[in-house]
Structure formats: structure tokens, C-alpha cells
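Below is one structure, written out as C-alpha cells; the observations come after it.
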Amino acid sequence: MRDLARGPGLRLRGDLTLPEGRPLFRSLDFRAEPGVWTCLLGASGVGKSTLLRLLGGLEVAGTFRGEASAADGAPISGRAAWMAQSDLLAPWLPVRENVAFGARLRREKPDWARVDSLLAEVGLKDWAGARPSALSGGMRQRVALARTLMEDRPIALMDEAFSALDAGTRARMQELAFDLLQGRTVILATHDPGEAARLASRAYVLVPDPAGARLAEPHRFRTPPLRDPASPDALAAQAALLAELRKPPVGEAPEGRAP
Amino acid sequence: MRRFTDVLVSAAGLIALWALLVELADLPPYMLPSPWRVARVFWTDHATLWLNAGMTIWESLAGFALGSAAGISAGIALMTSSLARRWLGPFLVLSQSVPTFALAPLIVLWLGFGPESKIVVAAIGIYFVVASNFYDGLRRADPGLLDMARVMGASRSTELWRIRIPAALPALGSGLKVAAAYAPIAAAVGEWAGASKGLGYLMLYANARLKIDLMFAALLTLAVFGLVFHALVGWAARRLTSWAPEARQDP
């Protein structure tokens, strides 16, 4: 494996109030363990992306009072890579330039040897000169992964990074990403309990609440990732996370009651 | 190739209709000359037509270049500076509510009868469509891509040069296409306001002498030039932004 510095532990504490005055979360205290994958589950709109954006130092709708910090005391800014549900490839640039895009944006000279070796690692050596539009969705997401690795950052923030892929491609991408991101602190927002059950060292569910979303007790796994989806630990985790996700939101009538 | 034959077929249809109308309504040549009379003028007066067309073409191309440069600069200024959005934005819109036709005599008064005034009229006629299309494209760059660039540590200026401008090129291309079709018309309008050469001038001259066939020939020359220029700019824009999906099929 790569000899990489371990990613730092991360913490996000605070309150976020939406522009219309409703709290999105109140006294939230989210922690990510150093050097492993932390998965963040929850319904759409509960604030998973917002939490990731705050960690990445991006603008969010509303006012945030609190802080995002790394356990080692150094700032997060400049140490994180970003991966989203859509591949975010620049359609006007060939694959090779897309992988080197970060260096270009910082006006640095790209390390082309590394670009080519990363493209080989994600299995796209022969596609270096192709435009993104010539690639399938799975291939494009592999280019995005190569671009993330090219950044060589100790922290990876992934917002539904595998959600747009079909089941088979998704499983292969998860394995590839897990393998290539060893030692980094990865936070993956997802709505798929199965994905969390395979990849996470710790999995949180963000529970909606009119008074502000809160984190449920994290699921604790007995075996290390990457887990076989058919293993008892993965199946148990999937069931437990799904059960947490299925709970009706606070303040709504429980299921089965007549109107 | 197929589009070319389509153009030929519709042109032939239009000419047939025109000939039929002249024939059936028994119109005198000073009302509506037949296609044959106009074709004969193309032959007999080709030197006059060429001379005047050359002038209008030069004015249109220079006006297109000037107006496009102004439009591109305005788009970038609007994108990068909130001061420009506040002060230049309303002025841009205001300048469009004054018709080119009304401005042309003033500009001829200020800049004279030569080609300069027509170049400026053409530039004023087109810069807005270039500016507004380009600014729209700059603003509509993929927000996800911009977020990623921010996390990667991009500055505002690299964000502009490496993301917003490339992403806005297809929009700029459609603005330039419209501008290419309109620039010759604006140049001719400038010539109507006062000139001694050019297709617009030739139209007025022929009209005043009831040489309607010559007027038609000048009009057709102007139209053909506008079409060809529009097609050339469209072709160049498509080639330069071949990655954009919407650049493939539009008229």
C-alpha cells in the first residue's frame, strides 16, 4: 500500500439556521475518526450535504454558528478533496487534463507521470485523450476518482459519490475507491445503508427533527471494512441502519393509525 | 450537404412564387420587378454591386469585431465586478431600448459620412446580444464544478479563466451567430442615415430613381452576405465548442 500520512480526525460542532428561520441542526457534534471511512446516512434534505460543505469550507444556505476543525489543530482548508454525485468533469477538457485539473486551477505544473499512472490504476490508460462525453457514467466516475487521488489530500469529502452508478459499477467503484484511499479520512454522505455497511468504520444516521436534525448513536461494526455484503456483520449493519432510517420523523403520526 | 440542398429548394420555391406573383398580378417593373429583370441587373451592374458590397462587407466585419470585443468585455466586467453589475447593467439594457434606426443619424452626424460611423452603428447594434449571451453563459457555469474548484484552492481569476469562460463559450457562440446575421443590416441602416457608398446607400439611390430592380439586387446581395456570414460564424463556433451537446443541431 501507499506510504501516506494518515488523515486527521475531523469534528464539526454548531448550529445552522436556514434563511427562513428554521434550524437545520442544533448543537450538532459530528466526529470522524482519523484515517478511516465514516458514513453519514439520512433522508434527502436532512442536511448531509450541508454538513459536508461546512467541513469543506463551502458556502451554505443559512447561518452557521460553530466550527469545523481537524484533530491535529491544522486547518482543513487545503487538505481536502471533493467528490460529488455527478462526476464534475469539465466537458471541454480531455480525460488527462481533467485528472490534472486541480494543479491547473492552482497554477501549478501538473505531474503528468502521476496522472498517467493514476489513470492506469483506475483502468483508463487508453482513454487519456478522450473527451468525457465519450465515456460511460462508470468510467467518468473513475476519472473523478483519479482526479481526487491526484489531489493527494489526507481528507476526502464524498457527497453521494457512487449514487448515480448502477449496482454492479457501484460495487466495483466502492472497492476501487476503498483500496486507493487507504489511510485517508473519508466522509461519505449516502442514502444507501448497504453502501455504509460495506465501507464504513463508523456509520451515523442524521435524524430529522423540527427542532434541528441530530445524530443517532453511531452503528458499531464488529469487523473492519471492506466487508463482504453477505457477511453477517454487513447484513446486521444494513438492517440496523435501515431500521433507524425508517423511523417516522418526530412530530409525524406513527404508521398504521387511522386518519 | 443535405442542408445545402434544402436551402436551394426553398430559394427556388421562393423565386417561383415571386415570378408567379409578378406574372399573375401583372405588376409593372417599378412596383415589383420579375426575378429575370433582377438577375439581368446582377449581370449588367455587377461592377456597381461589387463596389458597394465591398464597402458594406468591410463595415459589417469591422463592426462585428468591434461590437463583439465590446460585448465580451462587458460580459466579463458584469461577471467579475458588482460595481459593473450595478452601474453598467442598467445602462446596457437602456442602450437597447433606443433603436439603432434612431441612433444612426446622430452617429453619422458625429462621426461623418465615411465607414467609421457605420462600423460604430453596427457595433452598437450587436454588442448587447453578445454581452447578454456571454454573461448568461458565465453565470451558468456548473455550480458543482465551481464548488470543487474552491475546495481545490482555485482563485477567483483561475475560476474565471479555467471554468467560467470555457463553460460560457457555447453561449458566446450563439450570441456571435445572431450578431453576424444582424451586423450587415445595422451597417445598411447606418448607410441610410448618410453615406456615399455601400449597399444601403445603393438601395436608397436606386429607390429614388425607381430602379427597383437594382434595389432588389442590392437587397439580395445584403441578404446573401448576412446568411453566409451567419453560417460561417456558426460553423466556427461549432468547431470550437464541439464538446457541447447543444452545439450540434440548431438552424
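At 222 nm, what value in deg cm²/dmol follows for chain B if DSSP H runs of at least 4 each add -39500 (n - 2.57) and the sum is divided by all its residues, to the nearest 500?
That calculation yields -27500 deg cm²/dmol at 222 nm.
Between A:THR63 and A:ALA230, what length in nm is gained on full extension when 0.36 nm per residue of separation is reduced by their alpha carbon distance?
Value of the extension gain: 55.8 nm.
Out of A:ALA80, A:ALA32, A:ALA236, any idea which swings most in a Gaussian network model of chain A, alpha carbons joined below 10 Å?
Largest GNM mean-square fluctuation: A:ALA236.
Explain nothing, just the number: dipole magnitude of segment B:1-136 about its Cα centre with +1 on each Lys and Arg Cβ and -1 on each Asp and Glu Cβ, in debye rounded to the nearest 20.
300 debye
How big is the dipole moment of chain B about its Cα centre under a simple scheme where the beta carbon of each Lys and Arg is +1, that of each Asp and Glu is -1, and everything else is neutral? Debye, nearest 20, please.
Dipole size: approximately 600 debye.
When all C-alpha to C-alpha distances in segment B:75-200 are sorted into bins of 10 Å, what percent of pairs does each bin hold, rounded to whole numbers?
Binned Cα distances yield the sequence 13, 33, 28, 17, 8, 2, 0.
Given C-alpha coordinates of segment A:125-259, what is the ratio Rg to Rh with the Kirkwood estimate of Rh?
My calculation of the ratio gives 1.05.
Quick one: give the max-minus-min coordinate of the C-alpha atoms of segment B:24-144 along each principal axis, largest first, in Å.
Principal axes ranked by extent give 62, 37, 24 Å for the Cα atoms.
Would you grab the residues whose amide H sits under 5 Å from the one on A:ALA156? Only those 5+ places off in sequence or on another chain, please, with H modelled 1.01 Å from N.
Here A:ALA81, A:THR185, A:VAL186, A:ILE187 satisfy the definition.
Rounded to two decimals, what ratio of Rg to Rh does chain A give with C-alpha atoms and a Kirkwood Rh?
Rg/Rh: 0.98.
Output the DSSP H helices from chain B with an along-axis C-alpha extent of no less than 24 Å and a mean Kyte-Doolittle hydropathy no less than -1.0.
The qualifying helices are B:2-25, B:46-80, B:115-139, B:165-192, B:212-240.
How large are Rg and Dmax for chain B when only the alpha carbon atoms are used, in Å?
21.7, 75
Which residues does a label at B:ARG156 reach in segment B:90-111, if reach means a backbone N under 11 Å from a point 7 Å past the Cα toward the Cβ?
none
So what is Rg over Rh here for segment A:89-152, counting just Cα atoms and using Kirkwood for Rh?
A ratio of 0.92.
Specify the longest stretch of chain A that does not include any exposed loop site, a site being one of the GluC sites (Glu not before Pro) with a non-H, G, I, E, B DSSP assignment and at most 16 other Cβ atoms within 10 Å.
Result, exposed sites excluded: A:109-251.
Over all distinct Cα pairs, what is the inverse of the mean 1/r for segment A:80-196, reported as the Kirkwood hydrodynamic radius in Å?
14.2 Å
Which whole-Hz ³J(HN,Hα) couplings does segment A:220-232 yield from phi under the Karplus relation 6.51 cos²θ - 1.76 cosθ + 1.60, θ = phi - 60°, glycine and proline marked x?
Whole-Hz 3J(HN,Hα) from phi for segment A:220-232: 9, 8, 9, 10, x, x, 6, 9, 5, x, 8, 6, x.
Scan around A:ALA130 for amide H atoms under 5 Å from its own, H built in the peptide plane at 1.01 Å from N, and keep only partners 5 or more places away or cross-chain.
It is A:VAL95, A:ARG96, by chain and number.
By what distance, in whole Å, do the Cα atoms of the protein assembly as shown stretch along each of the three principal axes, largest value first?
So the three principal-axis extents are 98, 61, 47 Å.
Return the long-range amide H neighbours of A:LEU24 (sequence gap of 5 or more, or a different chain), with a cut-off of under 5 Å between placed amide H atoms.
A:LEU16, A:THR17, A:LEU18
What is the P(r) of segment A:31-149, as percent of Cα-Cα pairs per 5 Å bin from 0?
All Cα pairs, binned at 5 Å, distribute as 2, 9, 17, 19, 16, 15, 13, 6, 2, 0 percent.
Rg and Dmax of segment B:137-251, using alpha carbons, in Å: what are they?
My reading of the Cα-based Rg and Dmax gives 21.0, 70 Å.
Just so you know, all these numbers are worked out from the coordinates, no wet-lab data involved. The structure displayed is predicted, hence computed values, not measured ones. Note: ideal-geometry Cβ built from the backbone for every residue, glycine included; neighbour counts use all protein chains shown.
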